[in-house]
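Data block below; observations after.
Each value in this text was obtained by applying a stated rule to the coordinates, not by laboratory testing. What you see is a predicted model; the values in this text were computed from it and never measured. Cβ: placed from backbone, ideal geometry, glycine included. Neighbour counts: every protein chain shown.
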Ligand SMILES: *Cc1c(COP(=O)(O)O)cnc(C)c1O
């Protein structure tokens, strides 16, 4: 996949329009008739270029690492943009997320839910969350095993400042589209099954799945949020293994 670096507002408008067009085409092919939200992922991108992306129309930004996200939130405090933390979070950093994030997509334990809720209550804030599910059965991937999610959803309403919106996954890192599609399909069928017995206050409408290399496949499988970095901002210098243990060095899925 060739990604074009954008380094002015027009460049971002071009990349965003191209991604939106591909999203619309994939949504038209999807049998699920869903609306698809584009979450631009700005990790590793410096603030000057993030300002260009915002000027080109980005109103939400996703970041994998909470300290990087927090730093950018502070530096870009004059911009009208909301922040989504999409990567694994250690409990001792729950306070940072509670301070600024509008959304957290990698909830994967009740201990983390407890830590977030405590910090959010103290700050008088609430947070939209996605429960991360490991759909590839890889040791290296974060997220709950599919069979753990039902029990988790029964317990999570205790943490009243968290609003569960849906499920999130990363597909297997593979060139094999059928395996990638299998991960996305597993998240959708899990969601459909869980929906039949979901506690009050827990929403499962959202499926966050798909990135630059595989968002069209994810949309065909029912994604309602796609997290897209490189197709908007250009190729990253750092290998994916910096963000996901075991990801190797490729663009991945
Ligand atoms: C970086 C990242 C993405 C976006 O990946 P791209 O290849 O840049 O589109 C999506 N989800 C998560 C969790 C990420 O860390």
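Considering only 85, 226, 156, the mean-square fluctuation computed in a Gaussian network model of the chain, springs between alpha carbons under 10 angstrom, is largest for 156.
When Rg and the Kirkwood Rh are both derived from Cα coordinates, the Rg/Rh ratio for segment 9-232 amounts to 0.95. Each Cα pair under 8 Å and six or more residues apart adds its sequence gap; the mean of these over the residue count of segment 9-232 is a relative contact order of 21 percent.
Each peptide in 87-93, 76-82, 195-201 gets a packing score, the mean of other Cβ atoms within 10 Å over its residues, and the list from highest to lowest is 87-93, 76-82, 195-201. In plain terms, the chain from residue 71 to residue 37 could stretch by 9.8 nm, reckoned as 0.36 nm per residue minus the Cα-Cα distance. Segment 80-97 and segment 114-148 have Cα centres lying 11 Å from one another. Where the centroid of each part is defined by its Cα atoms, how far is segment 18-37 from segment 156-183 in Å? Using only Cα atoms, the two centres lie 18 Å from each other.
For segment 44-77 versus segment 195-232, the inter-centroid distance based on Cα atoms is 22 Å.
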